[in-house]
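The values are calculated or read from the model by the stated rules, or taken from the named source; none is laboratory data. Keep in mind the model is a prediction, meaning the values are calculated, not measured. Methodologically, a virtual Cβ is constructed for each residue, glycine included, from the backbone with ideal geometry; neighbour enumeration extends over all protein chains shown. Each accessible area value is taken on the protein alone, full model and side chains, heavy atoms only, with ligands, DNA and RNA left out. Shrake-Rupley method; radii C 1.70, N 1.55, O 1.52, S 1.80 Å.
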Amino acid sequence: MAQVETPPAPSAPRPVKVPPVHEAKLKNGLKVAVVQNHSSPLVTVWLLVDAGANFDGADKAGLANITASMLTKGTKARSATKIAEDIAFLGGTLDTDANWNSSVVTVTVTSDKLAQAMAILADVFSNPSFDEKELELLKTQTLDGLAYSLKQPSSLANYVASKYSFGEHPAGGTPESIKSITAADVRKFYDSYYSSGPAVVIFTGDITPAKARTLSAKYFSVKSGRGYGAGGIRSGSVPTSTVGSILVVDLPNSGQASVGYYVKRDGIGRNSQDFYPASVMNSILGGGYSSRLNQEIRIKRGLSYGAGSSLAWRSDSANFSARAQTKNESAGEVAALLVTELDKIRTKIVTPAELTPRKAVLIGSFGRGLETTSDLAMQLGSLYSFSMPTSELNKYVGSVEAVSAEQVKAVADKLFVNGDLIIVGDYSVFKDDLAKRFPKLKPKVIAADKLDLSSLMLQK
């Protein structure tokens, strides 16, 4: 049974101690950033490459992710198994990743094994073999994952939103784009964005700046300067209604329906003055158990196991999404509740009783995000990927605390305009109810088996 809960009053926020960042540019052109923390004998090293899925190209969606993953699948001197064994022997971890804005290769190891780990890290970064058999195995694994995800309403909705609402391609790729990626494509992406060296090397943990500079100079250099890229941005006239369209992906006999609101807004980017007001606004609306969406949809009405919202940042724009998974029978009701809460935060000033604890949640999360060497390296990597100064770390707490209720309302009003309601589920179940709740908006309906994520029209 759904219950109405009264959250306890928040305690005073704990102070966040941000350690100093030592930055240096070596004679070979390489930028090195170091944060010392000698409380444990661990070191994390991040090699940041300033190219991610934004450089894929729609027909090769997923290429950045595949390229990053292939780095640990073999070098000129080591097989994939040998790389895994060598890192395991040191008791360390070696990982790669690619997001929309950048790609990274990371290693975490105890400081007494760092020199040996750096040799492996340098090998996978500088000498990948891009073996065709390993590539085909990776593509098969990726396609298997996609086949599963594209049958899940919530995952399918996110893939559709990437194309339909954000004007981007799915960073993880589509079945068609993944199948089309060749070893030559991977090599070309690598030669374009990796071969000239990392954009920055980040060290966090039990290491001194002097040792970090020595190791960086030994293994890496920058052969040419590069600039940061930007993904495609949809622009145009901006109406004033919260919802501009409804898209339904009809998935007959689906166990549940995914209901989401998606919008891309230019001008509200990671580098904009709206970043902190938007972050606080998102925390109020859908950032955690006590957020408005979860209160209305889960706690008060029991319509979902959870509802939330998030912002995916680009340098000069933001991709916002709010979503919940529910029964097909209640898809229309949940869609209406989503829009009601979006309208409310656009038009009404939030009270101090709600604003203060939501700021405390953000500050607390930020502090926890600095506790481990890996988390701290990730925070720095994020700043570098947006070409932002590391001094931004020290501004975070004060900037969040300075956000006013008026700024929250203003940024919501700017953001939640002409967005898309995307519902993936059994349309026959919620069709009539949806029409009653949104009589002025005729849904565009695409059968799930006719969906083509590689097509501009989304249909085969």
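Of the residues in segment 71-86, how many are of a type in the set (A, V, I, L, M, F, W, C), open to solvent by less than 50 Å² (accessible area, probe 1.4 Å) and more than 14 Å from Ala119 (Cβ to Cβ)? Going through segment 71-86 one residue at a time, the tally reaches 2.
Just wondering, is there one or more residues in segment 364-383 that are in contact (Cβ under 8 Å) with a residue 40 or more places away in the chain, under 14 Å from Ser283 (Cβ atoms) and surrounded by 23 or more Cβ atoms within 10 Å (Cβ to Cβ)? No. Restricting Arg226, Arg234, Arg213 to those that are modelled with pLDDT under 95, under 29 Å from Thr108 (Cβ atoms) and not hydrophobic (A, V, I, L, M, F, W, C) reduces the list to Arg226. The residues of segment 25-49 that are open to solvent by 30 Å² or more (accessible area, probe 1.4 Å) and in contact with a Pro (Cβ under 9 Å, 6 or more places away or on another chain), listed by number, are Lys31, Gln36, Asn37, Trp46. Looking only at residues of segment 189-210 that are within 15 Å of Ala98 (Cβ to Cβ) and open to solvent by 40 Å² or more (accessible area, probe 1.4 Å), we find that the one that is nearest to the chain's Cα centre (by Cα) is Tyr193. Residues that are farther than 22 Å from Lys327 by Cβ and at pLDDT 95 or above within segment 421-440 comprise just one, Pro439. Looking for something within 29 Å of Arg213 (Cβ to Cβ) and part of a strand (DSSP E or B) - is there at least one such residue anywhere in segment 112-124? The answer is no; no qualifying residue exists. Here the condition is being at pLDDT 95 or above and under 21 Å from Ser317 (Cα atoms); of Val411, Val339, it holds for Val411 alone. Condition test on Lys17, is it surrounded by fewer than 22 Cβ atoms within 10 Å (Cβ to Cβ) and not in a helix (DSSP H, G or I)? Answer is yes for this residue. Number of residues in segment 106-118 that are touching a residue at least 40 places away in the same chain (Cβ under 8 Å) and open to solvent by 40 Å² or more (accessible area, probe 1.4 Å): the value is 3. Within segment 1-35, the set of residues being among the acidic types (Asp, Glu) and at pLDDT 70 or above comprises just one member, Glu23.
Looking only at segment 135-153, count how many residues are of a type outside the set (A, V, I, L, M) and either open to solvent by less than 50 Å² (accessible area, probe 1.4 Å) or at pLDDT below 95 (or both).
Total satisfying the criteria: 8.
Among the residues making up segment 72-92, those that are assigned to a loop (DSSP other than H, G, I, E, B) and in contact (Cβ under 8 Å) with a residue 40 or more places away in the chain are Lys76, Ala77, Arg78. Is there any pair linking a residue in segment 187-198 that is at positive phi to one that is of a type in the set (Lys, Arg) and outside any helix (DSSP H, G or I), with Cβ under 8 Å and at least six apart or on different chains, and which? Filtered contacts from segment 187-198: Gly197/Lys223. The set of residues in segment 93-105 that are in a strand (DSSP E or B) and under 25 Å from Glu168 (Cβ atoms) comprises Asp95, Thr96, Asp97, Ala98, Ser103, Val104, Val105. Ala9 satisfies every condition listed in (1) assigned to a loop (DSSP other than H, G, I, E, B); (2) touching a Gly at 6+ places or on another chain (Cβ under 6 Å) except (2).
Being under 30 Å from the mean Cα position of the chain (by Cα) and among the small types (Gly, Ala, Ser) is the filter here; which residues of segment 400-455 pass it?
At the first step, the residues of segment 400-455 found to be under 30 Å from the mean Cα position of the chain (by Cα) are 400-427, 443-455.
Passing the criteria: Ala402, Ser404, Ala405, Ala410, Ala412, Gly419, Gly425, Ala447, Ala448, Ser454, Ser455.
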